[in-house]
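Contents: one structure, followed by commentary.
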Amino acid sequence: MVKLPYLTALTTLISYGLLFLFGQIRDLFRKILDLLKFKKVQGKGYAPICLGLEDFYTRRLYLRIQDCFGRPIASAPDAWFDVVERYSNDNNKTLQRTSNTTKCLNLGSYNYLGFAAADEYCTPRVIESLKKYSSSTCSVRADGGTTKLHTELEELVARFVGKPAAILFGMGYATNSAIIPALIGKGGLIISDSLNHNSIVNGSRGSGAVVRVFQHNTPSHLEEVLREQIAEGQPRTHRPWKKIIVIVEGIYSMEGELCKLPEIIAVCKKYKAYTYLDEAHSIGAIGKSGRGVCELLGVDPADVDIMMGTFTKSFGSCGGYIAASKEIIRHLKHTCPAHLYATSMSPPAVQQVISAIKVILGEDGSNRGAQKLAQIRENSNFFRSELQKMGFEVLGDNDSPVMPIMLYNPAKIPAFSRECLNQNVAVVTVAFPATPLLLARARICISASHTREDLIKGLEVISKVGDLVGIKYFPVEPEKVAAEEKLKKLE
Amino acid sequence: MAVAVANMTTAALDWVSVKFNAPLAGMVVFGVHIHGHLIVEVLLIAVILFQLSRKSYKPPKKPLTEKEIDDLCDEWAPEPLHPPITEEMLSEPPTLESAAGPHTIIDGKEVVNFASANYLGLIGNEKINYGVGSCGPRGFYGTIDVHLDCEARISKFLGTPDSILYSYGISTIFSVIPAFCKKGDIIVADEGVHWAVQNGLYLSRSTIVYFKHNDMSSLKSTLEKVTRGNRRAEKIRRYIVVEAIYQNSGQIAPLDEIIRLKEKYRFRVVLDESHSFGVLGSSGRGLAEHYGVPVEKIDIITAGMGNALATDGGFCTGSVRVVDHQRLSSSGYVFSASLPPFLASAAIAAVDYLEENPALLSKLKRNIALLWSEISELPGLILASNPLSPIVFLKLKRSTGSTKGDMKLLDEIVDRVLKEDLVFIVTTKRSTLDKCRLPVGLRIFVSAGHTESDLLKASNSLKRVTALVLSELA
């Protein structure tokens with residue numbers, strides 16, 4: 001977890017306070033000007049569509065640094081890509097595109113195994129499926145949207161993940177939002193990790209069950225919450241709960257941490273709660289053969305009741321899946337709204353996933369899959385250890401391809417982002433509301449298509465910019481000590 | 001007698017005060033004369049303080065001991081995650097072996113396909129440039145220039161200031177509604193809206209009032225009821241949520257009436273045009289063009305592109321303020337990977353094609369009219385959709401009494417039509433989570449790609465099979 005030094009916390013708070021103050025002063029001037037100009041508001045009697053403070057953050061803080069977010073690109077998001085240059089004539093309120101592009105090192109896209117660009121095995125097959133099945137079925141799965149590709153992929157996913165059956169959806173976000181209400185309803189209890197993704201939060205809210213949160217990645221607190229809740233029962237009536245589902249993620253995308261899966265599964269089994277594992281970032285990227293966090297931590301997939309994942313990150317496609325027992329999948333096929341009402345997954349996207357999984361499993365006849373997996377592990381560990389040696393505060397566990405670098409101060413966010421772009425490295429910076437207000441960070445995502453030279457270039461640039469901006473919060477490991485340690489290891 | 005008592009009391013009080021004051025008559029502490037009553041007041045304050053400092057009496061709380069909690073946990077048995085599997089859950093939809101165009105291959109045989117919402121017959125013309133996935137949400141290098149081009153193209157086509165692209169059809173409406181409606185707002189919605197709209201309404205936590213399906217007098221009375229006597233009505237936001245062509249029944253919403261009512265009662269309109277974009281109106285611009293209403297009068301238009309445009313994803317369009325607000329506060333946009341670029345370029349190609357070939361729309365209209373004339377006299381089924389809607393909806397004249405029974409009959413009709421006559425139509429699918437109570441029926445999706453012979457084949461097959469199946473009932 002992040003330990004925030006006091007001085008940094010103080011300066012960050014003061015910075016935000018100043019920004020807030022300036023924002024309020026500007027709002028005041030705007031109100032005065034509006035009154036003076038007697039601006040006719042659209043339609044008398046209508047309440048404004050965005051009330052005052054709701055979009056204060058957007059207008060006064062986010063718009064100032066808008067050029068750091070939403071940068072358009074003009075090529076596939078591979079290891080190097082073309083970022084479109086933008087300029088602004090009105091102080092960042094609107095941004096215009098130019099037709100110039102700069103080739104930058106891509107440290108921000110979720111391209112863990114390098115399937116985002118054209119691949120020698122996948123792309124020809126995708127183009128073939130586009131010709132055969134066209135880009136959309138225009139129909140829901142339950143009507144006429146099930147093609148042979150969909151059934152093939154469902155079996156393949158089930159085999160890959162280690163579960164009896166699977167079901168596909170066209171979008172990862174919708175998978176969570178539409179599945180959780182189908183599994184649990186009023187009278188049930190959902191216990192979710194405090195840092196779970198927005199889609200899980202929305203799905204839990206939409207289900208009508210009671211939601212409780214446990215401290216991030218702390219199995220002992222989970223046990224406490226479970227004991228308390230089972231003993232008390234439903235609020236007010238104290239009837240026993242109908243069922244309890246515990247929702248955790250494989251890798252948390254803003255922390256880069258792995259979930260403490262074996263302990264959490266043990267706790268859930270003891271108290272007869274069902275487990276739901278969201279492997280959006282970990283499937284295909286970690287584990288010896290890419291099977292995700294269960295393989296890495298040695299957990300039997302049969303112990304997890306429901307495994308969810310997406311195809312956007314490691315497989316270079318779009319969509320999500322749920323893998324569980326045959327009966328649960330049958331029940332979901334019959335009742336899940338995303339299966340009955342939403343257009344089925346686009347056939348070329350399905351083919352891309354089928355080919356990608358075959359490459360990972362080695363069924364395409366080469367060992368590129370194993371190579372990619374070894375490459376991403378090596379890359380992540382190398383990058384992380386180098387960053388830590390340089391004195392940056394890097395979060396996340398070993399083997400995880402996501403590494404956040406802490407920035408804290410709001411002014412450092414645009415400084416870091418813009419300086420890196422000037423030196424042709426594209427990074428992603430995240431601030432409120434995706435992270436807590438004081439804990440802004442830059443998030444690096446490593447890919448198997450990065451070569452050692454790419455990583456070294458990235459490290460050089462980040463180190464230079466880090467010195468400039470002042471984010472090396474930890475002392476740099478002196479060269480002598482590092483050399484001594486190497487000698488000791490060799491002996 | 002009374003005088004004597006009064007005299008005695010005054011005498012007694014005088015005696016007491018004299019006695020009281022006597023020892024302290026000369027006392028001066030810190031320059032303050034101490035009088036007797038001060039002693040009483042001090043004593044009183046001391047007693048009050050003493051009482052306050054004592055613990056109040058509450059019945060003692062006995063928290064559960066560890067052993068008791070253990071026992072409760074052992075006793076508790078959860079329900080299984082899934083309900084028992086019934087027979088109807090075991091049915092699987094037919095698997096297609098080729099593209100879902102007007103003709104498709106199922107089980108090796110060519111069938112006429114009336115189950116895909118491929119209204120303009122556009123399935124079959126695109127190319128891939130950028131790889132399949134976009135590997136990132138829109139805020140973090142997931143914005144590819146085709147996305148921006150697509151948004152600009154759609155705005156230009158519809159004549160609105162700006163639009164925003166979503167990566168999935170149903171996530172469009174259930175992200176847009178919570179972005180604009182919060183707790184305390186009032187939403188008046190049609191009772192026949194589909195599940196995604198219902199989910200969006202639920203997530204928004206506003207007060208929701210439903211009105212009778214497509215019934216304008218019911219809408220009027222609901223609006224009247226909601227705004228009457230509500231003086232705070234000026235400060236809270238109010239919305240009417242309707243669909244252009246309802247998925248659940250094939251009805252078309254009378255937009256001119258709705259705009260009139262909206263202006264009278266000061267509501268904003270959210271319109272879902274998933275099935276009418278590219279279908280209604282002389283050039284396919286949707287419900288506003290069909291009724292001749294200027295498109296600025298509708299505040300928010302959303303649509304899924306998985307129907308007429310033969311691609312996937314969705315968009316939302318409206319004023320610049322409306323669209324900009326969604327870029328930071330709409331969850332389906334911010335927290336989800338962006339639309340695959342090849343689907344965005346397919347959308348641009350589809351819109352271009354539609355603009356150059358308005359004849360497609362007249363062909364679609366002719367096809368619908370032809371189908372209507374053929375199947376208006378089916379035994380046991382009546383047409384329940386609008387004559388202009390490309391979703392032709394047939395429901396049972398006499399219901400068996402339960403939705404389950406109706407579905408069984410309809411499923412049988414659909415099965416026989418597919419197996420015996422090689423025509424592919426579908427029934428309505430209803431999830432257990434869906435709150436819509438409209439009747440179930442058969443849906444036929446008519447496309448501009450269907451030929452006259454296809455339509456005649458379908459209508460003849462329906463006539464034959466419904467006569468058989470429903471006579472077996474009778």
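The values are calculated or read from the model by the stated rules, or taken from the named source; none is laboratory data. In this text the structure is predicted, and so the values were computed from the model without any measurement. Every residue, glycine among them, receives a Cβ derived from its backbone with ideal geometry; neighbour counts consider all protein chains shown. Just the protein is used for accessible areas: all its heavy atoms, side chains included, with ligands, DNA and RNA removed. Shrake-Rupley method; radii C 1.70, N 1.55, O 1.52, S 1.80 Å.
Taken along the Cα-to-beta-carbon direction at a fixed 7 Å, the label points for B:S282 and A:K270 span 7.5 nm.
Could you run the numbers on buried accessible area between B and A, total for both chains, 1.4 angstrom probe, in Å² to the nearest 100? Walk me through the numbers before you get to the answer.
Working: alone 26400 and 24520 Å², together 41710 Å².
Summing both sides, the interface buries roughly 9200 Å².
Within the range A:120-205, the GluC sites (Glu not before Pro) that combine a DSSP coil assignment with at most 16 other C-beta atoms in a 10 angstrom radius are A:E120. For the pair the range A:309-380 and the range B:391-413, the centres of their Cα atoms are 37 angstrom apart.
Remark on chain B: Rg and Dmax equal 36.0, 125 Å (Cα only).
Relative to the longest principal Cα axis of chain B, at what angle does helix B:169-180 sit, 0 to 90 degrees, rounded to 10? Between the helix axis and the principal axis of chain B, the angle is about 30 degrees. For chain B, excluding the exposed loop sites themselves (chymotrypsin sites (Phe, Trp or Tyr not before Pro), DSSP loop, at most 10 other Cβ atoms within 10 Å), the longest remaining stretch covers B:58-474. Helices of chain A meeting both criteria, an alpha-carbon length of 18 angstrom or more along the long axis and an average Kyte-Doolittle score not below -0.5, with helices taken as full DSSP H segments, are A:6-37, A:148-161, A:347-361, A:452-469. The loop-placed trypsin sites (Lys or Arg not before Pro) in the range A:149-239, going by DSSP, that have at most 12 neighbouring Cβ atoms within 10 Å of their Cβ come out as A:K186, A:R236.
Here each label is just a point 7 Å from Cα along the line to Cβ, and for A:N91 and B:E472 those points are 7.5 nm apart. Would you pull out the residues with amide H under 5 Å of A:G320's amide H, same chain only if 5 or more places away, H placed 1.01 Å from N? Residues meeting the amide H criterion: A:F169, A:G170, A:M171, A:G172, A:F311.
Using a probe radius of 1.4 Å on heavy atoms only, what accessible surface per residue do you get for the protein assembly as shown? Whole Å² is fine. Numbers along the way, then the final one.
Values: 41710 Å² over 965 residues.
Value for the protein assembly as shown: 43 Å² per residue.
Relative to the longest principal axis of chain B, what angle (0 to 90°, nearest 10) does the C-alpha long axis of helix B:216-227 take? Helix B:216-227 and the main axis of chain B meet at about 20 degrees.
Restricting attention to the range B:211-309, which trypsin sites (Lys or Arg not before Pro) occupy a DSSP loop and are surrounded by at most 12 other Cβ atoms within 10 Å?
Values: sites: B:K212, B:K220, B:K225, B:R228, B:R231, B:R232, B:K235, B:R237, B:R238, B:R260, B:K262, B:K264, B:R266, B:R268, B:R285, B:K297; in loops: B:K212, B:R228, B:K235, B:R237, B:R266, B:R285.
Listed in order of number, the matching sites are B:R228, B:K235.
The local environment of A:N424, defined by Cβ-Cβ distances under 9 Å, has a net charge of +2 under the rule Lys, Arg +1 and Asp, Glu -1.
Based on the Cβ-Cβ distance from B:K297 to B:T207, what FRET efficiency comes out when R0 is 25 Å, to the nearest 0.05?
On the way: r = 24 Å, r/R0 = 0.98.
Efficiency computed from Cβ-Cβ geometry: 0.55.
Full extension of the chain between B:A6 and B:D149 yields a length gain of 41.1 nm, computed as 0.36 nm times the residue separation minus the alpha carbon distance. Each helix, a run of at least 4 DSSP H residues, gives -39500 (n - 2.57); summed and divided by the residues of chain A, these come to -13000 deg cm²/dmol at 222 nm.
Compared with the rule-of-thumb size 2.2 N^0.38 Å for a compact globular protein, the range B:90-219 has a Cα radius of gyration ratio of 1.42. The angle separating the long axis of helix B:403-421 from the principal Cα axis of greatest extent in chain B is about 20 degrees. Per the Kirkwood formula on distinct C-alpha pairs, the Rh of the protein assembly as shown is how many angstrom? Taking every pair of different Cα atoms in the protein assembly as shown, averaging 1/r and inverting gives 31.1 Å.
Expressed as a whole percentage, what fraction of the accessible surface of the protein assembly as shown belongs to carbon and sulfur atoms when a 1.4 Å probe is rolled over the protein heavy atoms? That share works out to 58 percent. Kindly list the residues of the range A:379-407 that lie in the label zone of A:V476, defined by a backbone N under 16 Å from the point 7 Å along the Cα-to-C-beta vector. Counting only backbone N, you get A:386-393.
What shape does chain A have by the C-alpha gyration tensor, where a ≥ b ≥ c are the square roots of the eigenvalues, rounded means a/c under 1.5, and otherwise prolate means a/b greater than b/c and oblate the rest? Verdict is rounded for chain A.
Need the full-extension length gain, B:D352 to B:V18, defined as separation in residues times 0.36 nm minus the C-alpha distance. One decimal, nm.
Values: separation 334, 0.36 × 334 = 120.24 nm, distance 11.03 nm.
Length difference between fully extended and current span is 109.2 nm.
Need the full-extension length gain, B:I105 to B:N460, defined as separation in residues times 0.36 nm minus the C-alpha distance. One decimal, nm.
Separation in residues times 0.36 nm, less the Cα-Cα distance, equals 125.7 nm.
Amide H contacts for A:T147 (H built 1.01 Å from N in the peptide plane; partners 5 or more residues away or on another chain; cut-off under 5 Å): B:L96.
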